[in-house]
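Please read the structure below before turning to the comments.
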Amino acid sequence: MGIIVQKFGGTSVADKEKLLNVCNHIIKEYKANNKVVVVVSAQGKTTDMLVLEEKEITNNPDVREHDVLLSTGEQITISKLAMYLKELGYDAISYTGWQVPIITDDIYGNANIIDINTNKILNQLEQGRIVIVAGFQGINKSGDITTLGRGGSDTTAVALASYLKAEKLYIYTDVDGVYSEDPNINKNAIKYDTISYDKMIEMAKNGAKVLHTKCVEMAKKNNVPIIVKSTFVENEGTVVK
């Protein structure tokens, strides 16, 4: 009965039907007697819409308030997902980054995680609850909300898997693994069963959008294998290790 961390991106949680699909992935792990921690992004284009609304006010936003605004996207997702799981008969609880808390440095918009207090999460897992955590965000030592930059939810998931000593970390996305090239452009692209951290970092720096560099660098530093899978297609995915 180990801890499993699952991360779902914006396309995976974009609407009610997709949230139900995510619930089914979570319930499958829960029924396998695992303790499940779920990290989610903002739904669909929510973050983009928040930025557009911000630009209606200012083109030079205060960096602190910018992070406060963008962090609300993930808060919507965690509450909806927890509600949906409860409707399906599974006890779940949601936490924002500051509620956990996930402690970061003071770099607004591109903060780095420096510590995670796992007591609250572990306590809820022991009570049999599924724990839903907002990705992409934390809180600095001054008590201000911070965001983690591009790929921030993936980074949150890797950090939680490391601090919780999780048995497995799944990052669910809209592709079914890591390919040598974009399979939407080249139908002959090769899907990797496994790929090294260094190769994945190189691909990310060259524009591959499956995982961001910061997240893979953290995974390498803490020796956390990442299983990249599709939210929508059942297969083995790719293991980054």
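General remarks:
- Identity of the residue in segment 173-195, over 25 Å from residue 6 (Cβ atoms) and of a type outside the set (Asp, Glu), that ends up nearest to the chain's Cα centre (by Cα): 180
- Considering residues of segment 1-59 that are within 17 Å of residue 229 (Cβ to Cβ) and among the small types (Gly, Ala, Ser) only, the residue surrounded by the most Cβ atoms within 10 Å (Cβ to Cβ): 41
- For beta carbons closer than 7 Å, sequence separation of 6+ or different chains, a first residue in segment 180-200 that is of a type in the set (Val, Ile, Thr) and at pLDDT 95 or above and a second that is loosely packed, with under 11 Cβ neighbours inside 10 Å and in a loop (DSSP other than H, G, I, E, B), there are no qualifying pairs.
- Pairing each residue of segment 114-138 that is in a helix (DSSP H, G or I) with any residue that is not aromatic (Phe, Trp, Tyr), provided the two are 6+ apart or on different chains, yields C-beta distances under 6 Å for 121/131; 124/93; 124/131; 125/35.
- Set 77, 104: member being buried (at least 22 other Cβ atoms within 10 Å of the Cβ) and over 17 Å from residue 5 (Cα atoms): 104
- The one condition in (1) modelled with pLDDT of 95 or more; (2) on the phi < 0 side of the Ramachandran plot; (3) part of a loop (DSSP other than H, G, I, E, B) that residue 146 fails to fulfil: (3)
- Restricted to segment 215-241, and to residues there that are among the charged types (D, E, K, R) and in a loop (DSSP other than H, G, I, E, B), the residue that is modelled with the highest pLDDT is 241.
- Segment 138-162, residues that are surrounded by fewer than 19 Cβ atoms within 10 Å (Cβ to Cβ) and more than 14 Å from the chain's Cα centre (by Cα): 141, 142, 143, 144
- Screening the candidates 221, 214 for the property of being touching a helix residue (DSSP H, G or I) at 6+ places or on another chain (Cβ under 7 Å), farther than 17 Å from residue 179 by Cβ and not small (Gly, Ala, Ser) yields one hit, 214.
The values are calculated or read from the model by the stated rules, or taken from the named source; none is laboratory data. As the structure is a computational prediction, the values presented were derived from the model and not from experiment. Methodologically, a virtual Cβ is constructed for each residue, glycine included, from the backbone with ideal geometry; neighbour enumeration extends over all protein chains shown.
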